[in-house]
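Where a number appears in this text, it was derived from the coordinates with a stated rule and is not lab data. Every value quoted in this text rests on a predicted model; they were computed, and no experiment measured them. Note that each Cβ is placed from the backbone with ideal geometry, even for glycine, and that neighbours are counted across all protein chains shown.
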Amino acid sequence: MTTTAHRPGRFLLWRTNGLTHAGKWIFTYVLIGLIAGFGSIAFQYLCQVGSYFFLDMLAGYRPPAPVGESHLFPPSGTPFTRWMLLVVPVIGGLISGWLVYTFAPEAEGHGTDAAIDAYHNKGGFIRGRIPIIKTLASAVTITSGGSGGREGPIAQIGAGFGSFLATRLKLSDRERRIMLAAGIGAGVGSIFRAPMAGALFAAEVLYREPEFESEVIIPAGISSVVAYCVFCLFFGWGSLFHSDDFVFRNPLELGPYIVLAFVLVAGGVLYIKSFYGVQKVFKRLEIPNHFKPALGGLCTGIIGFFLPATLSFGYGYAQMALENELSILFLLGLAFGKILTTSFSIGSGGSGGVFGPSVVIGGALGGAVGKAFHALLPGIVTAPGAFVIVGMAGFFAAVSKAPISTIIFVSEMTNSYHLLLPSLLVCSLAFLLSKRWTIYVKQPLNRVSSNAHRGDFFVDVLESIRVRELLPSLRKVRLIPENMTFSEFREIFRSSQQHYFPVVNERKELTGIFSINDVRSVLFDDEIGELVRMKDIATTELITATPSEDINSVLKKFTVRNLQRLPVVKDDDPGFLLGMLDRREVIEYYNLRVQAIKQREGEPEKQPAEREASRLKAVSVGMAMNRQVETIPAAKTFESLSDFLRTRRFSAYPIVDQEGRLQGILSLSDIFKASKNPRHPLTAGDIATPGPVTVTEEDTLYTALNRLSKGDFAILPVVDRENPSRVVGIISRRDILKAFDDLFFKKTVAHDAKR
């Protein structure tokens, strides 16, 4: 009765807490949408002012606008002066270069790629000044004639505020990434008047494969709707472009659309290669970075001198293509000229987006193909304008690897929803045919390849592996009877390389275990040799594993007690020892499984050195080593060694000569071997193992762990690469596994808490 009486209260408490939590997040995403919407408004005004000043007043060039936009200022009356098109982009490049390379070098290029990189590799963190500099630099670049789009800077405005808000609220990296992506969706969805597409784009553009970041869609959807409404309150409702109500009715028209897909892929590959080819050339130029955008502006101006339509946004010409007002020759010149001007404007270090130019290039190529087929097959291809819309979608799907959101984008931008079927066909073909290339080079292949999800993937893979798969790798060890005296154990230890010793009763059942560290304090005490039995030393609070366990839980057991090896017992008989499972074997097996998954999913096989680096996150020995190294002088007498080692942490130490040069390694085993056949006078240098195995600070942790395990060493001296006889530190399994836990296990704990 009591329990029943409390249930409604608990339900109400849960419901109240749930509503409070949901309300807090809704408010957060609404706030991101508001800031992104006002950011879009500010950027739109900057672009209008910049175009009026640079293109209209200085050059007398007034490109047409799409139906959904109008010029805020009346024409200045300046006559068109073609040679000024050579000068104005240079002025814009100088201003943009000074802004970017003086205040925020990360703001160069197209901003969406930078936001993608922040999502996957920087915990969603973007410096606060970057959106501001990106906005100003992009507005100057584009409105002075540079070819670029608005989605890059506006994506960084939204993403930057989302990152800033999450940082101020002290949220987790995961929550910051979601808020960053919500900002991307809000910015892009508002300025292109495509709120649904903005939300999907933010979730899809993060990967090269057709994979969505599902946790992003709802937050991005809320922010995108709010930002769209704010933007349209200032600039009016409706789509960016106007188009006739094109309808797909003839299946035979799919043939020309397939041809269009191949044309778009060819154009997309040319666009990507041209863009990054120009970028590579400019990075090699030995001139100050501040002046590179000006040089790119000069190249852009030269092209614009002959083809003015390729300068600035170019949306008005896409509108004219939709209305079938441009010739095939003009459309081809617009497409290929736009590829070059975008490459020089942005690839040289200027600032701007790549989606806007893609819409114009794809629309121009689509219009050219549509007009050609209309001339050849007028009964099948009746409306070339339809090919403009499908071309816009297919081209960007090819270069961005975001086919689904692109289809919605173009449908919302043109207010044309009856071409979804041919758009789906063309976008799918374009995506498949161009899988090797992408304009967003920061896109990882999929979630498996993303640093943002390495911890999640780590857990997923570990939970799929059972200990039984590692049974062939179990180490067979010497069992220690419970009633063995400590003196008898000393004789075993002299010839043993074991670090863990299982203790068994008369029936060979596992009853306890102890390690070298458990006995080191009494190892040299002869008085207790016959008095102490090994069951008195062993711990009976056993931590074991069974063949049916997954290695995620096993790794946690390793970590809780900082163990190197774990006893594996039968599922139905906890006293029957199957062997000892080494922590390194677990890590190695996980790495092999991950490599197999990546190869199965189409990732190129890495070279051995690259595989090794990836296994422990490319962490160097220098980042995990113990620099407080304690060495033993080679001249130290044998009598003083036992007292020295009894009070110290490690069971092995580097031996150095009078000049501090590495001579060997001295371990407990070396001392026992020497004590069995005493020869006087003995020194540490006499009994140490010469020619020690070493590592350098630059070696990877995997290299160090491999060398430790192969020789079953307690420690490795870390030596200077230039002077291999100089010891700069030591590294042990404990150091390596602590680094491994910091990289992976903490993420598994966070993952479990999240779930």
Efficiency of FRET from Cβ geometry, Leu424 and Asn324, R₀ 30 Å, rounded to 0.05: 0.80
Could you tell me which residue out of Tyr119, Ala393, Ile272 lies farthest along the dipole of the chain toward its positive end? Charges go on the beta carbon: Lys and Arg +1, Asp and Glu -1, centred on the Cα centre. Tyr119
Packing-based order for 545-551, 562-568, 343-349, 267-273, using average beta carbon neighbours within 10 Å, highest first: 343-349, 267-273, 562-568, 545-551
Please list, in chain and number order, the residues 5+ apart from Arg533 or on another chain whose amide H is under 5 Å from its amide H, with Hs placed from the backbone. none
I need His242, His453 ordered by Cβ neighbour count within 10 Å, fewest first. His242, His453
When N counts the residues of region 280-391, how does its alpha-carbon radius of gyration compare numerically with 2.2 N^0.38 Å, as a ratio? 1.22
Relative to the Cα centre, what is the charge dipole magnitude of the chain, using +1 at the beta carbon of each Lys and Arg, -1 at the beta carbon of each Asp and Glu, and rounding to the nearest 20 debye? 360
Need the full-extension length gain, Thr540 to Asn415, defined as separation in residues times 0.36 nm minus the C-alpha distance. One decimal, nm. 37.6 nm
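What order, most packed first, do the peptides 531-544, 185-198 have when packing is the mean number of other Cβ atoms within 10 Å of each residue?
185-198, 531-544
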If N is the residue count of region 459-588, its Cα Rg over 2.2 N^0.38 Å rounds to 1.11
Taking 44-51, 117-124 and ranking on average Cβ neighbours within 10 Å, highest first, one gets 117-124, 44-51
Efficiency by 1/(1 + (r/R0)^6): what FRET value for Trp237 and Asp571, r their Cβ-Cβ distance, R0 = 60 Å, to the nearest 0.05? 0.35
Sum of -39500 (n - 2.57) over DSSP H runs of 4+, divided by residues of the chain (222 nm, nearest 500): -18000 deg cm²/dmol
Provide the gained length on full extension for the span Lys280 to Glu722, in nm with one decimal, where the gain is 0.36 nm per separating residue minus the Cα-Cα distance. 155.7 nm
Unsatisfied cross-links (Cα-Cα over 28 Å) in the set Lys476/Lys556; Lys24/Lys401; Lys442/Lys710; Lys371/Lys442: Lys24/Lys401; Lys442/Lys710; Lys371/Lys442
In whole Å, largest first, what are the principal axis extents of the Cα atoms in region 21-235? 59, 35, 33
What ³J(HN,Hα) values, in whole Hz, does the Karplus curve 6.51 cos²θ - 1.76 cosθ + 1.60 give for region 190-195 when θ = phi - 60°, with x put for Gly and Pro? 7, 6, 9, 6, 9, x
If R0 is 51 Å, what FRET efficiency do you get for Asp173 and Ala375 from their C-beta distance, rounded to 0.05? 0.35
Amide H contacts under 5 Å for His242, restricted to residues at least 5 apart in sequence or on another chain and with H modeled in the peptide plane, are Val67, Gly68
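Exposure proxy check: Ile492, Ile632 ranked by fewest other beta carbons within 10 Å?
Least crowded to most crowded, the residues run Ile492, Ile632.
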Separation of the Thr637 and Lys710 label points, Cα + 7 Å toward Cβ, nm: 4.0
For region 152-161, Karplus-derived ³J(HN,Hα) couplings (6.51, -1.76, 1.60; θ = phi - 60°; whole Hz; x for glycine and proline) come out as x, x, 6, 5, 6, 4, x, 5, x, 5
Treating the angle as unsigned and between 0 and 90°, give the value, to the nearest 10°, between the Cα long axis of helix 2-50 and the longest Cα principal axis of the chain. 50
Among Cys299, Cys427, rank each residue by its count of other Cβ atoms within 10 Å, from fewest to most, as a rough exposure measure. Cys299, Cys427
Any idea what diffusion coefficient region 251-448 gets from Stokes-Einstein, in µm²/s, Kirkwood Rh on alpha carbon pairs, 20 °C, 1.002 mPa s? 127
Using the Karplus curve 6.51 cos²θ - 1.76 cosθ + 1.60 with θ = phi - 60°, work out ³J(HN,Hα) for each residue of region 385-397 in order, rounded to whole Hz, and write x for Gly and Pro. x, 4, 5, 5, 5, 5, x, 4, 5, x, 5, 6, 4
For a bin width of 10 Å, list the pair-distance distribution of the chain built from all Cα-Cα distances, rounded to whole %. 3, 12, 18, 18, 14, 12, 10, 8, 4, 2, 0
Does region 87-202 classify as rounded, prolate or oblate by the C-alpha gyration tensor (a ≥ b ≥ c root eigenvalues; a/c under 1.5 gives rounded; else a/b over b/c gives prolate, otherwise oblate)? oblate
Value of relative contact order over region 30-165, rounded to a whole percent, pairs C-alpha under 8 Å and six or more apart: 33
Taking 0.36 nm per residue of separation and subtracting the Cα-Cα distance, what length does fully extending Arg661 through Ile218 add? 153.2 nm
